[in-house]
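Enquirer: Got a structure for you, written out below as C-alpha coordinates; questions coming shortly.
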Amino acid sequence: MSQSRSSRLGAIVLLVASLVGLALALYAYLTPLTGVTDSLGALVVILASILLAVLALILRAASGRGARIALSILILVGLLGTGFAGLLLHQWWFTAAMALGLVGLIIDATTRGTASTAHS
(Lines give C-alpha, C1' and ligand atoms only; values in the text may rest on other atoms or scores of the structure.)
Protein backbone atom coordinates (compact mmCIF):
# COMPACT_ATOMS: atom_id res chain seq x y z
CA MET A 1 0.00 0.00 0.00
CA SER A 2 1.37 3.40 -0.89
CA GLN A 3 2.20 5.81 1.90
CA SER A 4 -0.36 8.41 0.83
CA ARG A 5 -3.07 5.74 0.76
CA SER A 6 -2.07 4.23 4.11
CA SER A 7 -1.83 7.66 5.70
CA ARG A 8 -5.48 8.32 4.79
CA LEU A 9 -6.68 5.01 6.21
CA GLY A 10 -6.70 6.20 9.82
CA ALA A 11 -8.76 9.30 9.03
CA ILE A 12 -11.22 7.18 7.05
CA VAL A 13 -11.57 4.69 9.93
CA LEU A 14 -12.12 7.63 12.27
CA LEU A 15 -14.76 9.10 9.96
CA VAL A 16 -16.59 5.78 9.62
CA ALA A 17 -16.51 5.26 13.40
CA SER A 18 -17.93 8.75 13.93
CA LEU A 19 -20.74 8.15 11.44
CA VAL A 20 -21.55 4.76 12.97
CA GLY A 21 -21.58 6.41 16.38
CA LEU A 22 -23.90 9.09 15.02
CA ALA A 23 -26.30 6.46 13.69
CA LEU A 24 -26.26 4.58 17.01
CA ALA A 25 -26.81 7.76 19.00
CA LEU A 26 -29.68 8.80 16.74
CA TYR A 27 -31.24 5.38 17.17
CA ALA A 28 -30.94 5.59 20.96
CA TYR A 29 -32.34 9.13 20.99
CA LEU A 30 -35.31 8.47 18.70
CA THR A 31 -36.33 4.92 19.57
CA PRO A 32 -38.68 4.39 22.51
CA LEU A 33 -37.56 2.17 25.41
CA THR A 34 -33.81 2.61 24.87
CA GLY A 35 -33.53 4.33 28.22
CA VAL A 36 -32.18 7.56 26.73
CA THR A 37 -35.04 8.54 24.41
CA ASP A 38 -35.29 12.33 24.15
CA SER A 39 -32.57 12.81 26.79
CA LEU A 40 -30.14 15.70 26.81
CA GLY A 41 -27.18 13.30 27.15
CA ALA A 42 -28.09 11.46 23.96
CA LEU A 43 -28.52 14.77 22.14
CA VAL A 44 -25.06 15.89 23.25
CA VAL A 45 -23.60 12.60 22.03
CA ILE A 46 -25.27 13.15 18.64
CA LEU A 47 -23.73 16.61 18.36
CA ALA A 48 -20.33 15.32 19.48
CA SER A 49 -20.46 12.58 16.84
CA ILE A 50 -21.18 15.16 14.15
CA LEU A 51 -18.27 17.27 15.40
CA LEU A 52 -15.95 14.24 15.38
CA ALA A 53 -16.95 13.44 11.78
CA VAL A 54 -16.19 17.03 10.72
CA LEU A 55 -12.84 16.95 12.54
CA ALA A 56 -11.99 13.65 10.83
CA LEU A 57 -12.58 15.28 7.43
CA ILE A 58 -10.42 18.25 8.40
CA LEU A 59 -7.71 15.90 9.70
CA ARG A 60 -7.69 14.04 6.40
CA ALA A 61 -7.13 17.30 4.51
CA ALA A 62 -4.67 18.91 6.94
CA SER A 63 -1.05 19.00 5.84
CA GLY A 64 0.82 21.08 8.43
CA ARG A 65 2.41 19.24 11.32
CA GLY A 66 1.17 21.68 13.98
CA ALA A 67 -2.38 21.63 12.65
CA ARG A 68 -2.38 17.83 12.57
CA ILE A 69 -1.14 17.62 16.15
CA ALA A 70 -3.74 20.13 17.37
CA LEU A 71 -6.52 18.30 15.51
CA SER A 72 -5.35 14.96 16.85
CA ILE A 73 -5.46 16.27 20.42
CA LEU A 74 -8.96 17.72 19.91
CA ILE A 75 -10.14 14.44 18.39
CA LEU A 76 -8.58 12.41 21.20
CA VAL A 77 -10.36 14.51 23.84
CA GLY A 78 -13.59 14.24 21.85
CA LEU A 79 -13.32 10.47 21.49
CA LEU A 80 -12.56 9.91 25.16
CA GLY A 81 -15.28 12.27 26.37
CA THR A 82 -17.91 10.99 23.98
CA GLY A 83 -17.00 7.37 24.67
CA PHE A 84 -17.33 8.05 28.40
CA ALA A 85 -20.72 9.67 27.78
CA GLY A 86 -21.75 6.53 25.93
CA LEU A 87 -20.77 4.49 28.97
CA LEU A 88 -22.82 6.73 31.25
CA LEU A 89 -25.79 6.35 28.91
CA HIS A 90 -25.31 2.55 28.88
CA GLN A 91 -24.90 2.60 25.10
CA TRP A 92 -22.16 -0.02 24.78
CA TRP A 93 -22.16 -0.18 20.99
CA PHE A 94 -21.64 3.55 20.82
CA THR A 95 -18.65 3.28 23.16
CA ALA A 96 -17.28 0.50 20.93
CA ALA A 97 -17.62 2.82 17.93
CA MET A 98 -15.60 5.50 19.76
CA ALA A 99 -12.96 2.86 20.58
CA LEU A 100 -12.78 2.09 16.85
CA GLY A 101 -12.36 5.82 16.24
CA LEU A 102 -9.44 5.79 18.68
CA VAL A 103 -7.86 2.98 16.67
CA GLY A 104 -8.31 5.10 13.53
CA LEU A 105 -6.64 8.06 15.23
CA ILE A 106 -3.71 5.86 16.27
CA ILE A 107 -3.40 4.51 12.72
CA ASP A 108 -3.45 8.05 11.36
CA ALA A 109 -0.81 9.26 13.82
CA THR A 110 1.54 6.34 13.18
CA THR A 111 1.22 6.28 9.40
CA ARG A 112 1.52 10.04 9.06
CA GLY A 113 4.58 9.96 11.30
CA THR A 114 6.29 7.32 9.17
CA ALA A 115 5.25 9.04 5.95
CA SER A 116 6.72 12.34 7.10
CA THR A 117 10.00 10.74 8.20
CA ALA A 118 10.24 8.89 4.90
CA HIS A 119 10.07 12.19 2.99
CA SER A 120 12.74 13.85 5.16
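Enquirer: Which residues, taken from the range 52-67, are free of Cβ contacts under 8 Å to residues at least 40 places away in the same chain, buried (at least 16 other Cβ atoms within 10 Å of the Cβ) and part of a helix (DSSP H, G or I)? Write out each step before concluding.
Expert: Kept after step one, since they are free of Cβ contacts under 8 Å to residues at least 40 places away in the same chain, are these residues of the range 52-67: 53-55, 58, 61-64, 66-67.
With buried (at least 16 other Cβ atoms within 10 Å of the Cβ) added as a condition, the list becomes 53, 55, 62.
Of everything in the range 52-67, those that are free of Cβ contacts under 8 Å to residues at least 40 places away in the same chain, buried (at least 16 other Cβ atoms within 10 Å of the Cβ) and part of a helix (DSSP H, G or I) turn out to be Ala53, Leu55.
Enquirer: Quick check on the range 1-26: of everything there that is more than 18 Å from the chain's Cα centre (by Cα) and either modelled with pLDDT of 95 or more or not charged (D, E, K, R) (or both), which residue is surrounded by the most Cβ atoms within 10 Å (Cβ to Cβ)? Break it down stepwise before answering.
Expert: Residues of the range 1-26 more than 18 Å from the chain's Cα centre (by Cα): 1-5.
Remaining after also requiring either modelled with pLDDT of 95 or more or not charged (D, E, K, R) (or both): 1-4.
Values: Met1: 8, Ser2: 8, Gln3: 14, Ser4: 9.
Checking each candidate, the answer is Gln3.
Enquirer: Sticking with this one: Mind checking which residues of the range 8-51 are without any contact (Cβ under 8 Å) to a residue 40 or more places away in the chain, under 20 Å from Ile106 (Cα atoms) and not hydrophobic (A, V, I, L, M, F, W, C)?
Expert: Matches in the range 8-51: Ser49 only.
Enquirer: Something else about it: May I ask you to verify whether Thr82 is of a type in the set (Val, Ile, Thr), surrounded by 21 or more Cβ atoms within 10 Å (Cβ to Cβ), under 16 Å from the mean Cα position of the chain (by Cα) and on the phi < 0 side of the Ramachandran plot?
Expert: On the way: of a type in the set (Val, Ile, Thr): yes; surrounded by 21 or more Cβ atoms within 10 Å (Cβ to Cβ): yes; under 16 Å from the mean Cα position of the chain (by Cα): yes; on the phi < 0 side of the Ramachandran plot: yes.
So Thr82 passes the test.
The values are calculated or read from the model by the stated rules, or taken from the named source; none is laboratory data. Remember, it's a predicted structure, so these values are computed and weren't measured experimentally. Cβ: placed from backbone, ideal geometry, glycine included. Neighbour counts: every protein chain shown.
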